[in-house]
Amino acid sequence: MMAARKPSDDDIAIKVRGLNNCFGDTIIHENLDLDVRRGEILGVVGGSGTGKSVLMRSIIGLQTPVSGEVEVLGQPMVGMSDEETLAIRKRWGIMFQGGALFSTLTVAENVQVPLREFYPQLDKPFLDSLAAYKIQLAGLPADAGPKYPSELSGGMVKRAALSRALSLDPELLFLDEPTAGLDPIGAAAFDDLTLELQRALGLTVFLITHDLDTLYAICDRVAVLADKKVIAVGTIPELLKTNHEWIQEYFNGPRGRAATGAAQRAKTAAPDKEDA
Ligand SMILES: Nc1ncnc2c1ncn2[C@@H]1O[C@H](COP(=O)(O)OP(=O)(O)OP(=O)(O)O)[C@@H](O)[C@H]1O
């Protein structure tokens, strides 16, 4: 296990500079800059269609930007050799929106997909035991392994997707709207799990969300996408000091106020809990 380190500007896991993306005539990102500190949970928020998923796809190399630089764990993502691409892909895990599990594979087989791709020499008993461990790590019961995604509840699908994202022991975890569609209790449980795993495994987490409770509960900092770029990055109290209309509406609207109240009540109930 890695020792917990305080995330700092001196240790950047993901660096994005001058990113430009467009589809046809539609500009999605214009000169977007972002730093994700190693060891932090960075929440990424923004209105629908502001380009959060496209940003994630640009970082992991699924979207070739028109221009700009992306560096992940010190590795420039443009112009990589095949070996470099494989080496960097081993170091991250991704949970796509909705889980994106293979419906014809069981949970255990889904978890084994990245393991088989990167370590084809592993034999079946070893793959089975690795999958069982990852399934347990994501808080699923052991009997979830042989089940198909269609046999799982929404919360279990998320956990299965998380266990697959953890299959390669990643340093970086990308989560695209992990609590979308979960009831509040399920969402809070998933947040707790994310935080627990992040702390225990020393992960850096890039977390796209619309869920204000998630931001308050587990994110170290929040990056706000608007006007085709990241308009602000900081802790929630720091963001609240900015005058941007969307930020004020988002955090000070009825849902934002409810989430602030809930976070304050949780803090009062557990005053020694580390600030998120
Ligand atoms: N492959 C594509 N081809 C054309 N347009 C695309 C493509 N992918 C995304 N877009 C467009 O880019 C914009 C940003 O999409 P993106 O999915 O990144 O938004 P988002 O901020 O993640 O939204 P949401 O919060 O609704 O998930 C949208 O207008 C979308 O329609």
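Go over the candidates Leu62, Leu101 one by one and state the one that is assigned to a loop (DSSP other than H, G, I, E, B), buried (at least 18 other Cβ atoms within 10 Å of the Cβ) and among the hydrophobic types (A, V, I, L, M, F, W, C).
Step by step, each of Leu62, Leu101 is checked, and only Leu101 is assigned to a loop (DSSP other than H, G, I, E, B), buried (at least 18 other Cβ atoms within 10 Å of the Cβ) and among the hydrophobic types (A, V, I, L, M, F, W, C).
Hey, which of the strands (runs of 3 or more DSSP E) in the range 9-59, taking only ones fully inside, have at least 3 residues that are more than 9 Å from the ligand (Cβ to nearest atom), more than 20 Å from the chain's Cα centre (by Cα) and closer than 15 Å to Asp227 by Cβ? Outline the logic, then answer.
Numbers: elements: 12-23, 26-37, 41-46.
Counting at least 3 such residues, we get 26-37.
Since Thr106 meets every condition but one in (1) of a type in the set (S, T, N, Q); (2) more than 16 Å from the ligand (Cβ to nearest atom); (3) over 20 Å from Asp227 (Cα atoms); (4) surrounded by fewer than 18 Cβ atoms within 10 Å (Cβ to Cβ), which condition does it not meet?
Exception for Thr106: condition (4).
How many residues does the range 144-162 hold that are surrounded by 22 or more Cβ atoms within 10 Å (Cβ to Cβ) and basic (Lys, Arg)?
Summing the residues that are surrounded by 22 or more Cβ atoms within 10 Å (Cβ to Cβ) and basic (Lys, Arg) in the range 144-162 gives 2.
Can you find even one residue in the range 46-55 that is among the hydrophobic types (A, V, I, L, M, F, W, C) and touching a His at 6+ places or on another chain (Cβ under 9 Å)?
Yes, the range 46-55 contains a residue that is among the hydrophobic types (A, V, I, L, M, F, W, C) and touching a His at 6+ places or on another chain (Cβ under 9 Å).
Quick check on Thr204: is it among the hydroxyl-bearing types (Ser, Thr, Tyr) and either under 30 Å from Tyr133 (Cβ atoms) or in contact with a Phe, Trp or Tyr (Cβ under 8 Å, 6 or more places away or on another chain) (or both)?
yes
Can you pull out every residue in the range 60-86 that is more than 16 Å from the ligand (Cβ to nearest atom) and touching a strand residue (DSSP E or B) at 6+ places or on another chain (Cβ under 8 Å)?
Those that are more than 16 Å from the ligand (Cβ to nearest atom) and touching a strand residue (DSSP E or B) at 6+ places or on another chain (Cβ under 8 Å): Ser67, Glu69, Glu71, Val72, Leu73, Pro76, Met77, Val78, Glu84.
Quickly run through the range 134-147 and pick out the residues that are under 26 Å from Arg89 (Cα atoms) and assigned to a loop (DSSP other than H, G, I, E, B).
Ala138, Gly139, Leu140, Gly145
Give just the number: which of (1) touching a strand residue (DSSP E or B) at 6+ places or on another chain (Cβ under 7 Å); (2) modelled with pLDDT under 95 does Gly99 not satisfy?
(1)
Go through the range 105-119 residue by residue and tally those that are free of Cβ contacts under 8 Å to residues at least 40 places away in the same chain, out of contact with any helix residue (DSSP H, G or I) (no Cβ under 6 Å at 6 or more places or on another chain) and either in a helix (DSSP H, G or I) or polar (S, T, N, Q) (or both).
Summing the residues that are free of Cβ contacts under 8 Å to residues at least 40 places away in the same chain, out of contact with any helix residue (DSSP H, G or I) (no Cβ under 6 Å at 6 or more places or on another chain) and either in a helix (DSSP H, G or I) or polar (S, T, N, Q) (or both) in the range 105-119 gives 3.
Of the residues that sit in the range 52-92 and are in contact (Cβ under 8 Å) with a residue 60 or more places away in the chain and in contact with a helix residue (DSSP H, G or I) (Cβ under 9 Å, 6 or more places away or on another chain), which one is farthest from Glu30 (Cα to Cα)?
Within the range 52-92, the match that is farthest from Glu30 (Cα to Cα) is Lys90.
The values are calculated or read from the model by the stated rules, or taken from the named source; none is laboratory data. Since the structure is predicted, the reported quantities are computational estimates derived from the model, not experimental observations. Counting neighbours? That spans all protein chains shown, and the Cβs are built from the backbone with ideal geometry, glycine included.
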